[in-house]
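The structure appears below as structure tokens.
The values are calculated or read from the model by the stated rules, or taken from the named source; none is laboratory data. Computed from a prediction, not measured in an experiment: that's the story for all the values here. Here the Cβ is made from the backbone with ideal geometry for all residues, glycine too, and neighbour counts use every protein chain on show. Quick note on the areas: whole protein, heavy atoms, side chains included, nothing else; ligands and nucleic acids left out. Shrake-Rupley method; radii C 1.70, N 1.55, O 1.52, S 1.80 Å.
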Amino acid sequence: MNMELPRGVQDILPEDIPYWQLVENTARKLFESYNYEEIRTPIFEYTELFRKGTGETTDIVMKEMYTFTDKKGRSLTLRPEGTPGVIRAFLTNKIYNQKPVWKVYYIGPMFRYERPQAGRYRQFHQLGIEVLGRKDPYIDFEVIKLAVDLLKNLKLENLEVEINSLGCIKCRPNYREALISYFRKYEDQLSPIDKERLERNPLRLLDSKDEKLIALKDQAPQPIDYLCDECKIHFEKVQKYLSLDNIKYKLNPKLVRGLDYYTRTVFEITTTTLGSQNAVVGGGRYDNLVETYGGPSIPGLGFALGIERLIILLKQQNHISLPYIPLIFITLSEDYVETGIKLANILRTKYRVDIGSPQENLRTQLKWADKLGSFIVIFLTEEIEKNKLKIKNFKTGEEKYTDLNFNTILEDIETML
Ligand code: ATP
Ligand code: MG
């Protein structure tokens, strides 16, 4: 039997869980303070959902999806990103009839058949938000601000926010024309896949990872020079709000993002310390996606953050203190087990508590406590009969006899940590 893991997937072991919980809890608290609610959509959906939404000409749909046929011959796909499922849920549940604006967040696994490397996996996790039903530039600002604040609350440094505007269905056709006539001149240098993109969706060429295209992309026309007046004003307001809230950003006219549905504002947050997998957050506005799915004309926007990459950064920057100090009871006789259970009930309101076996001797139990990473040990010995309890901090060597008093025991432990 093959016990190896498939390429690009990994276990998240208990020693890393405190990082995951820290990220998830920080995100939940922040998003909820901005009135976002959590949503959990299915891990697999009909393939069509991603083809139509994420886009036929994107790398994700062309090369990276985990698609399979079920027993009835239906084509299903493990979700490569979160947005299509959220929009589908919005339509399936007719949320548009109930709420003028829907603000949600999600946390969960995504699947892409990519070349695994540091910071790039085949199963990875994203945490994201989506807002449906607001077209004003304030909300573009709010979405960018939430991504920035989440990273700030996690005390991350060396991050750069880049923004751009891709225009709307009104101005995009002019830009598309300009792009096509530019790249037509170099058609013989394009790979077959990029030739197809030139016909179907020339904007994708700007996102191509093909080496040969790098110099060509540099000289290509930029969407920002083709914006209509409404798009210009919208983008100016987004920048104004960012500035007045002191959020530093860089205008990057070359930023296009890898998904087809974006309109107007797009943004990315990158770091200088992750090598080539340097993007931590990506997002933007998608004013036509709900309609593309056959729904009403409702604008949307959001972002997605890669949790694995974020945790690599947290570990690099290493100034997060993780709450993990188990308290261990050492029980030297069956007679003291009852006191141990009762004391542990109280201490568990605040700490992780584990109780040793009275069948083991002192040395074995101390070794066990050490292996579990605990340095605070509470001894249940004959002192109990004198209403005393010995507590020892093995890190500092401090030793204390406290009164066996259920009301003050929590405070006594506190002073030893
Ligand atoms: P990249 O340019 O690195 O491929 P992307 O543009 O494909 O990123 P998005 O689809 O915007 O990424 O997803 C948002 C975030 O999810 C990324 O910024 C990144 O942090 C994370 N992410 C994307 N793909 C992977 C992956 N295969 N493994 C781990 N994290 C990923
Ligand atoms: Mg990618």
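Residue 303 satisfies every condition listed in (1) within 27 Å of residue 22 (Cβ to Cβ); (2) open to solvent by less than 50 Å² (accessible area, probe 1.4 Å); (3) at pLDDT below 90 except (3). When we screen 367, 315, 392 for residues that are open to solvent by 40 Å² or more (accessible area, probe 1.4 Å), under 30 Å from residue 26 (Cβ atoms), within 44 Å of the chain's Cα centre (by Cα) and not hydrophobic (A, V, I, L, M, F, W, C), the only hit is 315.
For (1) away from ligand 1 (no atom under 15 Å from the Cβ); (2) open to solvent by less than 50 Å² (accessible area, probe 1.4 Å), each residue gets a yes or a no:
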{"residue": "50", "(1), (2)": "no, yes"}
{"residue": "113", "(1), (2)": "no, no"}
{"residue": "118", "(1), (2)": "no, no"}
{"residue": "135", "(1), (2)": "yes, no"}
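Determine whether the stretch 285-298 contains at least one residue that is buried (at least 22 other Cβ atoms within 10 Å of the Cβ) and in a strand (DSSP E or B). Checked the stretch 285-298: at least one residue is buried (at least 22 other Cβ atoms within 10 Å of the Cβ) and in a strand (DSSP E or B). I'd like to verify a number: residues in the stretch 58-78 that are away from ligand 2 (no atom under 14 Å from the Cβ) and open to solvent by less than 20 Å² (accessible area, probe 1.4 Å), how many? The qualifying residues number 2.
Considering each of 265, 273, 292 in turn, give the residue that is among the hydroxyl-bearing types (Ser, Thr, Tyr), closer than 30 Å to residue 149 by Cβ and touching a Lys or Arg at 6+ places or on another chain (Cβ under 7 Å).
So the residue among 265, 273, 292 that is among the hydroxyl-bearing types (Ser, Thr, Tyr), closer than 30 Å to residue 149 by Cβ and touching a Lys or Arg at 6+ places or on another chain (Cβ under 7 Å) is 265.
Exactly one condition in (1) closer than 30 Å to residue 221 by Cβ; (2) modelled with pLDDT of 95 or more is false for residue 176; which is it? Going through the list (1) closer than 30 Å to residue 221 by Cβ; (2) modelled with pLDDT of 95 or more, residue 176 breaks only (2).
Residues are listed down the side, and each one gets a yes or a no for (1) surrounded by 19 or more Cβ atoms within 10 Å (Cβ to Cβ); (2) closer than 30 Å to residue 103 by Cα:
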{"site": "127", "(1), (2)": "yes, yes"}
{"site": "153", "(1), (2)": "no, yes"}
{"site": "160", "(1), (2)": "no, yes"}
{"site": "173", "(1), (2)": "no, no"}
{"site": "182", "(1), (2)": "no, no"}
{"site": "187", "(1), (2)": "no, no"}
{"site": "196", "(1), (2)": "no, no"}
{"site": "203", "(1), (2)": "yes, yes"}
